[in-house]
Amino acid sequence: MASMMENLGFVSLVVPSKDRPTGLSWWLAIQEDKILIQQESAATTIPLLKDFGELGLPVLRQHYLGLLGERHCFTVELPEGVSPPTGMRFEGLRQIYDFTNEMFFSLAGRALQIVDWDRTHQFCGRCGSKTRTHLTERAKECPQCGFLHFPRLAPAIIVLIQRGREVLLVRAHRFETAMYSTIAGFVEPGETLEEAVVREVKEESGIMVKDIRYFGSQPWPFPHSLMVGFTTNYASGEITLSDAENVDVRWFTADSLPQLPGKLSIARRLIDWFVESTRNLPAR
Ligand SMILES: [Zn+2]
């Protein structure tokens with residue numbers, strides 16, 4: 001699976017390149033954990049403006065994100081309590097995920113993570129001095145001790161477990177619906193991705209896996225994860241519901257799948273891959 005931004009022509013930059021036209025730009029405006037969106041007839045989009053100042057909203061901080069095609073992309077942080085202009089509203093990233101396309105979801109996630117990192121790194125974690133934004137790198141710099149604070153990323157593994165025609169899915173307590181998904185969990189310090197796969201699957205299901213293969217990755221900005229996907233095969237063990245995370249852990253076949261995560265998620269891509277691959281298995 002290719003990276004989602006790859007096909008969209010997005011180039012991440014810290015400083016705007018000078019040889020680009022200064023026309024309309026995309027503006028990702030963040031208030032706490034919400035994004036300013038615009039409703040235009042049936043389409044939901046983000047503001048496309050020459051300058052964000054046109055909206056007359058107060059801005060706390062601004063970052064350049066890069067180029068999407070020929071257009072610049074910026075993110076701005078708005079103070080709490082600011083009302084959206086007419087025809088616009090603030091929406092959470094999970095809601096955007098339900099009705100937008102990959103481009104806006106990716107951009108909004110990127111903007112949210114950068115704004116959140118900036119907001120939480122105003123002071124040096126080593127010496128407590130006020131930091132400043134590095135001019136040419138995506139970093140906050142401490143003028144006192146020189147420490148650089150980069151945006152935080154938390155790698156997490158997400159894993160599909162296949163046993164012939166069956167796939168192991170879990171229903172987590174945190175799911176608001178009766179949805180089932182693949183097993184996922186954060187990588188611990190000192191652990192390889194493969195070790196994290198084996199540990200998480202064992203913890204959440206009691207199952208041992210083998211044939212761990214890289215599948216693809218997806219930024220998951222809730223708040224700053226990077227999901228690294230793997231496919232595996234069942235090796236041994238019986239399902240045990242020992243982990244406090246899950247309500248249910250169960251094997252499913254491709255023709256008896258439960259409610260699944262949305263199409264944009266890597267979890268769904270893994271499950272779709274399973275459905276596709278079992279289609280080609282010889283009949284029993
Ligand atoms: Zn410092």
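Worth pointing out:
- Sequence-distant residues sharing a close amide H with Leu28 (under 5 Å, placed H): Phe74, Thr75, Val76
- Whole-number percent relative contact order across the chain, with pairs defined as alpha carbons under 8 Å at least 6 apart: 16 percent
- Rounded to two decimals, the Cα-based Rg/Rh of the stretch 133-254, with Kirkwood Rh, is 1.11.
- Per-bin percent of Cα-Cα distances, the stretch 21-77 [10 Å]: 22, 56, 21, 0
- At a probe radius of 1.4 angstrom, the accessible area of the stretch 7-60 per residue rounds to 57 square angstrom.
- When the chain is treated as a Gaussian network with alpha carbon springs shorter than 10 Å, the biggest mean-square fluctuation among Ala111, Ala139, Ala178 belongs to Ala178.
- Phi to ³J(HN,Hα) by Karplus 6.51 cos²θ - 1.76 cosθ + 1.60 over the stretch 162-173, Hz, x for Gly, Pro: 10, 10, x, 8, 10, 10, 8, 10, 10, 10, 7, 4
- Take the stretch 232-284 with all the other protein chains still there, run a 1.4 Å probe, and you get 58 Å² of accessible area per residue.
- Pairwise Cα distances in the stretch 72-156 exceed 20 Å for 47 percent of all pairs.
- Kirkwood hydrodynamic radius computed over the stretch 25-121 comes to 13.3 Å, based on all pairs of distinct alpha carbons.
- Its convex hull of Cα atoms gives the stretch 194-284 a direction-averaged projected area, equal to a quarter of the hull surface, of 7.1 nm².
- For the stretch 58-207, a simple Cβ point-charge model (Lys and Arg +1, Asp and Glu -1, everything else neutral) yields a dipole of about 320 debye relative to the Cα centre.
- Around the amide H of Phe175, modelled in the peptide plane, lies no amide H under 5 Å away from a residue 5 or more places distant or on another chain.
- Sequence-distant residues sharing a close amide H with Ile207 (under 5 Å, placed H): Thr240
- Diffusion coefficient of the chain by Stokes-Einstein, Kirkwood radius over Cα pairs, 10 °C, 1.306 mPa s: 75 µm²/s.
- Per residue, the stretch 140-226 exposes an accessible area of 49 Å² to a 1.4 Å probe, with every protein chain left in place.
- Counting only protein heavy atoms and a probe of 1.4 Å, the accessible surface of the chain is 52% carbon and sulfur.
The values are calculated or read from the model by the stated rules, or taken from the named source; none is laboratory data. The structure presented is a predicted model; accordingly, all values stated were derived computationally and were not measured. Cβ sites come from the backbone with ideal geometry, for glycine too, and all protein chains shown count toward neighbours. Side chains included, ligands, DNA and RNA excluded: accessible areas come from the protein's heavy atoms. Shrake-Rupley method; radii C 1.70, N 1.55, O 1.52, S 1.80 Å.
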